[in-house]
Structures are given as C-alpha cells and as structure tokens.
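Student: Take this structure first; my questions come after.
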C-alpha cells in the first residue's frame with residue numbers, strides 16, 4: 001500500500017463557457033504549469049465546469065412556479081422559481097429542514113437542492129443557476145478518452161460535487177460521475193488482532209472529498225485536481241449507478 005498521496009490543484013483554467021472543450025483546456029493548463037499526467041493518475045473535475053460547458057444551466061426568469069413550488073417556497077423561504085427547478089430536477093422532494101430542501105435527484109443521488117447551484121455561474125442579478133450534468137459518467141468518459149489520446153496514458157476521471165447531508169450540517173465532496181475507476185473497493189483482510197475484516201470502501205468519494213479541500217467553494221479557481229499515488233481498481237465499464245441505493 002502506498003503511504004503517500006499527492007493532490008495537485010491545476011492552475012490557469014479560465015472561466016468555462018458553453019461548448020468549451022474541457023479535456024483540451026485541462027491538458028493545456030497542465031502543460032503550461034509543467035504538471036505531468038501519468039498512467040493511473042486520478043483527475044477530479046468539479047461538476048460546475050462540466051455543467052457550464054454542456055449548457056446545463058437555467059435562467060430563473062424563464063421559470064413559472066407551480067402551486068407545489070409556491071408552497072415549498074412558503075415553507076422554506078426559498079425563491080419560488082428556484083423551488084420549481086428543485087422539483088423539475090428531482091424524482092421527489094424527501095423533506096425540508098428550515099431552508100434546507102432534501103431531494104432525490106433524477107439521476108438517483110440523495111442531496112440537498114437537487115444539486116442546483118447559484119454560485120460561480122454568473123452575477124446573482126442575472127438569476128442563472130447550474131444543474132447537474134445529464135450524464136456525468138459520459139462526461140467523465142469523454143475527458144478520459146481525450147487525455148488517453150493526447151498523452152497515451154490511462155487515467156481515472158471523477159466528476160465531483162459538494163453535497164449536503166440530511167443528517168448533519170455542512171457539505172462534502174462526492175463523486176457523481178466516473179470513468180476508468182471502480183466505484184467501490186471490496187477488501188477482505190485481517191485486523192490488527194487477526195480477525196477477519198471485510199470492507200466495502202467508496203474509494204471514488206474518498207478521492208472526491210480529498211480533492212475538494214483544494215477545489216474550495218468560492219473563488220479558489222481550481223476546478224480540476226490531479227491525484228497521484230491513489231490505489232484503485234481500474235474499471236473500463238465504470239458506472240456510478242451500480243452503487244446508488246434506491247430510497
């Protein structure tokens with residue numbers, strides 16, 4: 001087992017616009033800053049730049065709230081238009097705690113606010129919000145394939161987002177899309193006293209959380225992070241839906 005992990009924030013990535021080629025932008029930023037992408041590295045990319053490049057944004061001025069959204073707005077103090085987007089992006093609303101709205105996203109994730117975000121999308125008065133990508137696994141695969149073509153190195157790619165938890169305050173980085181990496185590691189080992197110990201480890205979430213320390217939540221400008229030295233199982237058919245538990 002490796003006893004060292006290197007986590008490198010990739011500088012020089014500009015503000016992303018719709019139809020930008022993210023794989024090319026990230027690779028150029030690495031080359032500019034002399035960051036080598038090696039075999040089996042893990043590239044973690046925040047959801048926000050994926051969504052912006054893919055045009056997964058909504059203008060709240062174009063949203064007409066339903067009676068359900070108006071009631072949710074009354075209950076939580078959130079904008080009615082924003083509540084409508086939460087509803088549109090969710091299979092169902094699971095509950096509320098003050099202003100926190102707990103949702104089951106259409107893709108199966110349990111999170112707050114259906115993954116809808118107002119930060120780092122544009123000036124607040126423009127009322128633009130970002131949505132989760134329609135197919136985060138495909139987004140990850142496309143970037144992985146581009147990196148492989150350009151560098152001849154196979155890496156893992158994780159699309160991450162900051163999710164709030166229904167049982168505690170604060171948010172944490174989690175994986176919402178993957179390519180080239182098994183979503184979980186199943187370990188059959190013995191503990192310090194020789195007892196059999198079977199572990200199911202969400203390696204992709206561990207790596208997403210580690211990367212989020214450098215990514216930050218505001219103006220850090222590091223939407224992509226390269227991790228070196230991580231141990232993981234390569235999975236050419238990686239599918240994050242395999243670990244989502246129906247509620």
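Student: Mind counting the residues in the range 146-189 that are under 16 Å from residue 23 (Cβ atoms) and out of contact with any helix residue (DSSP H, G or I) (no Cβ under 8 Å at 6 or more places or on another chain)?
Tutor: Going through the range 146-189 one residue at a time, the tally reaches 3.
Student: Here is a follow-up. With a cut-off of at least 1 residues that are surrounded by fewer than 19 Cβ atoms within 10 Å (Cβ to Cβ) and in contact (Cβ under 8 Å) with a residue 24 or more places away in the chain, name the strands (runs of 3 or more DSSP E) lying wholly within the range 1-102.
Tutor: Counting at least 1 such residues, we get 6-9, 57-59, 90-97.
Student: Can you tell me which of (1) under 21 Å from residue 10 (Cα atoms); (2) without any contact (Cβ under 8 Å) to a residue 12 or more places away in the chain is the one residue 195 doesn't meet?
Tutor: (1)
Residues are listed down the side, and each one gets a yes or a no for (1) under 15 Å from the mean Cα position of the chain (by Cα); (2) outside the structural domain of residue 108 (by TED's automatic domain parsing); (3) surrounded by 16 or more Cβ atoms within 10 Å (Cβ to Cβ):
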| site | (1), (2), (3) |
| --- | --- |
| 121 | no, no, yes |
| 149 | no, yes, no |
| 165 | yes, yes, no |
| 174 | yes, yes, yes |
| 177 | yes, yes, yes |
| 194 | no, yes, no |
| 198 | no, yes, no |
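Student: On the given criteria, is residue 125 assigned to a helix (DSSP H, G or I) and over 24 Å from residue 7 (Cβ atoms)? Walk me through it before giving the result.
Tutor: Details: assigned to a helix (DSSP H, G or I): yes; over 24 Å from residue 7 (Cβ atoms): yes.
Yes; evaluated as a whole, the condition is true for this residue.
The values are calculated or read from the model by the stated rules, or taken from the named source; none is laboratory data. Bear in mind the structure is a predicted one, so any value in this text is a computation, not a measurement. Methodologically, a virtual Cβ is constructed for each residue, glycine included, from the backbone with ideal geometry; neighbour enumeration extends over all protein chains shown.
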